[in-house]
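Data block below; observations after.
The values are calculated or read from the model by the stated rules, or taken from the named source; none is laboratory data. Just so it is clear, the model here is predicted, and its values are computed rather than measured. With ideal geometry, Cβ positions are generated from the backbone for all residues, glycine too; neighbour counts draw on all protein chains shown. Calculation scope for accessible area: heavy atoms of the full protein, side chains included, ligands and nucleic acids excluded. Shrake-Rupley method; radii C 1.70, N 1.55, O 1.52, S 1.80 Å.
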Amino acid sequence: MLDRLTSPMAGRTPEIDLHDLVTQLFPINRSLTGAGVRQTLEIVGRHIDLTMHEVATGTPVLDWHVPAEWNIRGATISSMAGRRLVDFADNNLHVMGYSKPVSAVMSRAELARHVHTLPDQPDLIPYRTGYYADDWGFCLPDRLWREMTDDSYRVEIDSDLAPGSLTYGEFFVAGQSDKEVLITCHICHPSLANDNLSGISVMTALAIRQARLKPRLGYRFLFLPATIGALAWLDRNESRLGQVEHGLVLTCLGDTSCFHYKQSRKGAPIDRAVAHVLKHSGLPHEIMPFSPYGYDERQFCSPGFDLPVGCLMRGVHGTFPEYHTSADNLDFVKPDCLDQSYAVIAEVLDLLDRDCVYERVDGRGEPQLGRRGLYRAIAGQREAGGATQMDLLWVLNLADGRHSLLDMAIRADVPFARIEAAARLALDAELIRSFQTASEAP
């Protein structure tokens, strides 16, 4: 699959083994709160200088409040003869998230009210949560549940819901501008490799990459529990949201599906940037309109904020059979797909950072290219896959203080890198000059 990337993108490789990081994080039990979230962030913090924030239980965040902290040590369903049939130690999907403690002997009929299965996928364990339900539950393969025909069972859940805090991680790479790119992923799912850990892994590698650069824009990476984590960050940072120039929510980046990009609510420049990169990547993809259902883009794009944030994924939530089941495991996530996702997003970030507006030094007519040695320069560029004469002509025609490099690339229907290369030639020849950044253009 990777050989289908264009050469500029193919040179973008992560500095860490993405699948190895997914493997390392996979056994940890995560939820909205608790020790598993902190352990996950501590591992991410070995790669980047991550700041961990704690928001106390009961803290109001917009229309919500931070729930009690949930931690679990173990859970089992056993026969009355003492044989363990279901054990949280075997798979942390076995217990419904935020289950309150239980220690009881109960009838099968009573237990059935707290059992979740997937009859259409009888060998898989479903993922279920009850964050605000004040309830408990077990998740198990439907085939196993149908084999459990005893009259009574012993049920144990060793957990607690107590005052504590919600934890999220933040890493910021300062830029030359006060404008920022906001990049987020959710960190609240247990052992789900694609719909959780692929986003964490790819985003960690991107944070490492951006920290080694000297970017024009700032880059803020947020590792958040879904919904409540995004709401908490928005509530705490409302006064500075005007600095967010672009934003991406990252999820489901390790499966073999084609890329899917869900547009922002407002039709922001990030939508054009991602669509352009995907179009010229040679990779199958689909552009999806905004919908108020999905991941945290629905919080960032809520009407009171309406931030320029889209969502990039491969498999779309709820549409692939492994979604929120035990089949979303380490085998489902492919190393080359993780690397490819990283390369695509790195290309998008480079485009955002380099998208500038230029104007002609003297815009009256077409300049003479030959006496400036530009035909020879173009020949050298073209042989390396760079700018063509037509690319340069587009730059010289559209460098009017109103069109950004991305505008030019879209108009010319060529990869952004070629237009950027043509602009460098024109700059060196003193035919154009910097007007302002794309975000400041009229």
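Residue by residue, here is whether (1) open to solvent by 80 Å² or more (accessible area, probe 1.4 Å); (2) under 26 Å from the mean Cα position of the chain (by Cα); (3) within 19 Å of ALA207 (Cβ to Cβ) holds:
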| residue | (1), (2), (3) |
| --- | --- |
| ILE16 | no, yes, yes |
| GLY36 | no, yes, no |
| GLU42 | yes, yes, yes |
| ARG46 | yes, yes, yes |
| ILE77 | no, no, no |
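Among the criteria (1) out of contact with any helix residue (DSSP H, G or I) (no Cβ under 8 Å at 6 or more places or on another chain); (2) open to solvent by 60 Å² or more (accessible area, probe 1.4 Å), the one ASP123 does not fulfil is (1). Annotation note: Cβ proximity below 8 Å between a residue of region 172-201 that is of a type in the set (D, E, K, R) and a residue that is assigned to a helix (DSSP H, G or I) and open to solvent by 10 Å² or more (accessible area, probe 1.4 Å) (sequence gap 6+ or interchain) occurs for ASP178/GLN243; LYS179/GLN243; LYS179/SER439; GLU180/GLN243.
Taken over region 311-324, the criterion of being open to solvent by less than 20 Å² (accessible area, probe 1.4 Å) and either touching a helix residue (DSSP H, G or I) at 6+ places or on another chain (Cβ under 8 Å) or at positive phi (or both) is satisfied by CYS311, LEU312, ARG314, GLY315.
Of the residues screened, ARG298 is one that is out of contact with any Gly (no Cβ under 9 Å at 6 or more places or on another chain), without any contact (Cβ under 8 Å) to a residue 24 or more places away in the chain and either surrounded by 19 or more Cβ atoms within 10 Å (Cβ to Cβ) or in a strand (DSSP E or B) (or both). Listed residues MET96, MET9; which is open to solvent by less than 30 Å² (accessible area, probe 1.4 Å) and modelled with pLDDT under 95? After applying the criteria, what remains is MET9.
Here VAL55, VAL61, VAL37 are screened, and the one residue that is more than 26 Å from ASP350 (Cβ to Cβ), touching a Lys or Arg at 6+ places or on another chain (Cβ under 6 Å) and among the hydrophobic types (A, V, I, L, M, F, W, C) is VAL37. Within region 382-397, the only residue that satisfies the criterion of being in contact with a Ser or Thr (Cβ under 9 Å, 6 or more places away or on another chain) and either among the basic types (Lys, Arg) or open to solvent by less than 40 Å² (accessible area, probe 1.4 Å) (or both) is ARG382. Screening region 358-442 for helices (runs of 4 or more DSSP H) wholly inside it with 2 or more residues that are at pLDDT 95 or above returns the ranges 389-398, 405-412, 416-428. Looking across region 153-171, the residues that are over 24 Å from GLU54 (Cα atoms) and either in contact with a helix residue (DSSP H, G or I) (Cβ under 7 Å, 6 or more places away or on another chain) or not in a strand (DSSP E or B) (or both) come down to TYR153, VAL155. Among the residues making up region 131-152, none is within 23 Å of the chain's Cα centre (by Cα) and part of a strand (DSSP E or B).
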